[in-house]
Amino acid sequence: MRSDELTRGPARAPHRSLLRALGVSRADAGRPLIGVANSFNELVPGHMHLRPIAEQVKYGVYQGGGIPLEFNVIGVCDGLAMNHEGMNYSLVSREVIADSVEIMAKAHALDGLVLITNCDKIVPGMVMAAARLDIPTVVVSGGPMLAGYHQGRRVENKDVLEGVGAFFRGKLSTAELEGLEDVACPTCGSCAGLFTANSMSCLTECLGLALPGDGTIPAPFSARLILARQSGARAVEVVRRGWGARRFLSRVSLGNALVLDAALGCSTNTVLHLIAIAAEAGLDLPLQTFNEVSARTPHLVKLSPAGRWHMEDLHRAGGVMAVLHRLAQAGLIDGGVPTIGGDELARQYAEAAPLDDEVIRPLSQPYSVTGGLAVLFGNLAPDGAVVKAGAVLPQMLVHRGPARVFDDEASLVTAIERDDIEPGCVVVIRYVGPKGGPGMPEMLTPTSTLAGAGLDDRVALVTDGRFSGVTRGACVGHVVPEAADGGPIALVRDGDLIAIDIPGRSITLEVPESELAARRAAWRPPARDTRGVLARYVRMVSGADRGAVLSP
């Protein structure tokens, strides 16, 4: 075991002395040291309840014959960081989380890990660390929030965001907006829809790194505590069997995750994160692969923001394993991959037949015959751009209109507040990519405000930034190359025609190449004044098509 470097032989007496200070006795000799990486904090609703989760994990570790050693990592709430300087730090935190877990595991010669995670960048950051370290690892999330109720309908934070747009248009009073904000987030947990956090937890379960149910059991349910205890005990068994994390992160398992992603219509952020996780596991995941998988995968589930269902409904219908059960019937899942539970994936989903055909549609009645995510290519995005196709209104799947260009998010929000966005246009927000943002901030405030203002059926949005999983509408993000690198999006001017064809997977700037060449010759990169972690990030970050990972 790795911990032998701390515990074996006379030369390690000083190390054992320090372990005694932690309460590790001589009788504990031979027990594996299991690091419990807890992302608890009192800033994030998805993390506020992770102390009792951690206690159950540690109880399970000790029951299983290991020694649990808890440490903490940071976590950013994207909702609280939205639409101000804080959003520049969200994607950056993913790399910091991965580095922190690596540092703690390596510095203390841990035999295995339990990663207690939730929310947007914490799940991928921790899984990236597991792939990098390749030590035995079990992931357990804090689970999704329950939806709230307002005036006879279920609501969530998305409805508050869209309520702001309705308020600006005079469709919602101050009292109505305040009433909505008071009830939209009624419990702890990651936000109630299929946004980035819950998308990534579902994919992690599919990858075999978490026990069945981890992606969907609601945060307030006691079943979440039982799962945490089981996960702790399982971590010790995974260590004893010597199963490193890369055993579960293979080309085949990633292929399964892509199929599930397409069938659920997950957040566009999963594209960034799956590419980054694959890179840490030493695997290449080209952006085009998402289109290839989507082309053969039916869209079976429409949770909020694309539909009326929430994570609690998916759990009631059988959860991730029920979706895999249905996809396997179409021959789309390779059930032979291993899982940390000890069984092949097929054994886990074999008896998990869907319990609600409205939530998980039959193969004969998909929402669409292709998956919920699409990657577009064209002269505006030579290296690709991403859209949540399953959340786009049918009349906006193909759209052509004049550009309305903004070099930052705040300017667009101001224009929306002033009712200064013309129906039919294509809004462009640029210089908000990984380098330009910096940190590739999410454009949730403008997309939600556009939807709340009733413009999501007439206005498209294109950006080199990214979107929250909450986003719906004809919103195309991750445009590569980004504007800060001199990509074509930097050359767009007000009035230029942009054509978006989501079924055709294309995005075109209808400007002659000679004119674009002249603009390119005159273009100069904008001045940037960044310091600290953001300055280091700008120097090292790759493009969105490579997962916005940091170069060595």
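The values are calculated or read from the model by the stated rules, or taken from the named source; none is laboratory data. The model shown is predicted, which means the values in this text are computed figures rather than measured ones. Backbone-built Cβ (ideal geometry, glycine too); neighbour counts: all protein chains shown. Accessible surface is based on the protein model in full, side chains and every heavy atom, while ligands, DNA and RNA are left aside. Shrake-Rupley method; radii C 1.70, N 1.55, O 1.52, S 1.80 Å.
Using Cβ point charges alone (K and R +1, D and E -1), the dipole size of segment 105-206 about the Cα centre works out to roughly 200 debye.
Please identify every one of the trypsin sites (Lys or Arg not before Pro) in segment 455-552 that sits in a loop by DSSP and has no more than 10 other beta carbons within 10 Å of its own beta carbon. Before the final figure, lay out each step's value.
Numbers: sites: R458, R466, R472, R493, R505, R519, R520, R528, R531, R536, R539, R546; in loops: R458, R472, R493, R505, R528, R531.
Sites meeting the loop and neighbour criteria: R531.
Accessible surface of I333, taken over heavy atoms with a 1.4 Å probe and every protein chain present, rounds to 20 Å². For the pair R153 and E358, label points projected 7 Å from Cα toward Cβ lie 1.6 nm apart. Loop-located trypsin sites (Lys or Arg not before Pro) in segment 1-77 (DSSP state other than H, G, I, E, B) with a sparse environment of at most 16 neighbouring Cβ atoms within 10 Å: R8. Considering the options N198, G242, V155, tell which one lies farthest towards the positive end of the dipole of segment 155-250, charges being +1 on Lys and Arg and -1 on Asp and Glu at the Cβ, about the Cα centre. Toward the positive end, the furthest listed residue is G242.
Take every Cα pair under 8 Å whose residues are at least 6 apart in sequence, average their separation, divide by the length of the chain, and the relative contact order is 14 percent.
Using the 1.4 Å probe convention, the accessible area of segment 266-324 works out to 25 Å² per residue with neighbouring protein chains retained.
Taking the Cα centre of the chain as origin and assigning +1 to Lys and Arg Cβ atoms and -1 to Asp and Glu Cβ atoms, the resulting dipole is close to 1620 debye. Couplings 3J(HN,Hα) of segment 364-372, computed from phi: 7, 9, x, 5, 7, 7, 10, x, x Hz, in residue order, whole Hz [Karplus 6.51 cos²θ - 1.76 cosθ + 1.60, θ = phi - 60°; x for Gly and Pro].
Surface composition of the chain: carbon and sulfur atoms hold 52% of the protein heavy-atom accessible area at a 1.4 Å probe. Averaging the Cα positions of each part gives two centres, and for segment 522-550 and segment 247-261 these lie 30 Å apart.
Only Lys, Arg, Asp and Glu carry charge here, each on its Cβ (+1 for the first two, -1 for the last two); on that basis segment 231-293 has a dipole of about 400 debye about its Cα centre. Taking each DSSP H run with n ≥ 4 as -39500 (n - 2.57) and averaging over every residue of the chain yields -11000 deg cm²/dmol at 222 nm. Only one residue of T339, G319, A278 has its Cα farthest out toward the positive end of the dipole of segment 255-391, where Lys and Arg carry +1 and Asp and Glu -1 on Cβ, and that residue is G319. For a straight C-alpha distance cut-off of 24 angstrom, the lysines reachable from K58 (same-chain residues fewer than eight places away being disregarded) are K106, K121.
For a quick check of your reading of the filter: which trypsin sites (Lys or Arg not before Pro) in segment 290-355 sit in a DSSP loop and have no more than 13 other Cβ atoms within 10 Å? The qualifying sites are R308.
Positive-end ranking of I217, A453, G65 along the dipole of the chain, with charges on Cβ about the Cα centre, is headed by G65. Put the Cα centre of segment 1-65 next to the Cα centre of segment 194-222 and the gap is 24 Å.
When DSSP beta bridges are limited to those with both residues in the chain, what percentage is antiparallel, rounded to the nearest 5?
Values: 21 of 51 bridges.
If I count the DSSP bridges inside the chain, around 40 percent turn out antiparallel.
Simple spin-label estimate for V398 and Q365 gives 2.9 nm between the two label positions (7 Å along the Cα-to-Cβ direction from each Cα).
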